[in-house]
1. So which lysines can residue 133 reach, going by Cα to Cα under 24 Å and dropping same-chain residues fewer than 8 places off?
2. Can you match Cα extents along the principal axes in Å to one of these, (i) 51, 43, 33; (ii) 55, 43, 33; (iii) 66, 40, 28, based on a calculation from the structure here?
3. Under a 1.4 Å probe, what is the accessible area of region 1-125 per residue, stated in Å²?
4. Rounded if a/c is under 1.5, else prolate if a/b is larger than b/c, else oblate: which is region 1-115, with a ≥ b ≥ c the root eigenvalues of its Cα gyration tensor?
5. On C-alpha positions alone, give me the angle between the axis of helix 11-27 and the longest principal axis of the chain, in degrees, nearest 10.
6. Please give, to one decimal in nm, the separation of the simple spin-label points placed at residue 227 and residue 7, each 7 Å out from Cα toward the Cβ.
7. When a/c is below 1.5 the answer is rounded, else prolate if a/b is larger than b/c, else oblate, so apply that to region 67-144 with a ≥ b ≥ c taken from the square roots of the Cα gyration tensor eigenvalues.
8. Using only Cα atoms, find the angle between the long axis of helix 34-48 and the longest principal axis of the chain, and express it within 0 to 90 degrees, rounded to the nearest 10.
Amino acid sequence: MKINISKRITNDRMLKTLRLLRLAGERIPSVLSNRIVREHFDSNVQSFLNHREKVTADGGFIENQNEFTDMYYGSASVRFSGCEVIAVYNVMRALTGKEPSLPKLIAAFEKNGMIFYGSLGTDPGEMKYFLKKQGFHVEEYTNDADFPRLFQENKGDGERGFGTVQRLIPENEAFVLTFYNDRKDILQGLHTAAVTSNGRGLYLHNDGGTKARGPYAGLYWVLNEYEHRGAGMISIIHVKSERK
């Protein structure tokens, strides 16, 4: 049975619901003590070594969440519930030029951000808050009518929009996309992915394959691909750094 919740609830209401679920989970006595968070960190440091070669080959980005069965995130695994943490990792990798520590990011969100100990992923609002704490300029968009502000470009033609001159997104900008995998069926779950720029085109990270997708001429073409796929965008977080 399909449940088309996107027709019954606004994007803002969905984000508030996720926040309330996180807060409700925090009222339940936690099975994740500080000791267990530390144990997870120690284990994740060792397990990440299993992924080092692949991450290095992908330029320091994480593209293959489905292979992270050996790393803890709360009461779940990174494979099952780690897409938001991975999206934050990939954005930070792009905007700082350095590889962040995935085990440290996991520990940070285990302490503040998980929904029901990770079984329902991470509150998108905590991603936004975390990125602001890291010194990035962060704006969130949840209304379809606001999305054109993010691309401000000639939509162009050709594959992924490279048929005409575009407004290129600079390297110091990135995006975090949170969406319904199927806008007509909430039972297919939600996913979060990162979009980064190399100054010539955009790349979509950790979107179900083992490599980044792209290049795209602009964000319009990323969103257009999701539209054709049947996904439903919930929020777009626009992240900027001062690094040129």
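The values are calculated or read from the model by the stated rules, or taken from the named source; none is laboratory data. Nothing here was measured: the structure is a model prediction, and the numbers come from that model. Virtual Cβ from ideal backbone geometry, glycine too; neighbours counted across all protein chains shown. The area values use the complete protein model at the heavy-atom level, side chains included, leaving out ligands, DNA and RNA. Shrake-Rupley method; radii C 1.70, N 1.55, O 1.52, S 1.80 Å.
1. The reachable lysines, counting only those whose Cα sits under 24 Å from residue 133, are 16, 98, 104, 111, 240, 244.
2. Answer label, from the structure shown: (ii).
3. Working: 6490 Å² over 125 residues.
For region 1-125, the solvent-accessible area averages 52 Å² per residue.
4. Numbers: a/c = 2.02, a/b = 1.36, b/c = 1.48.
Cα axes put region 1-115 in the oblate bin.
5. 10 degrees
6. With each label point 7 Å from Cα toward Cβ, the separation is 2.0 nm.
7. Details: a/c = 1.84, a/b = 1.29, b/c = 1.42.
Here region 67-144 falls in the oblate category.
8. 50 degrees
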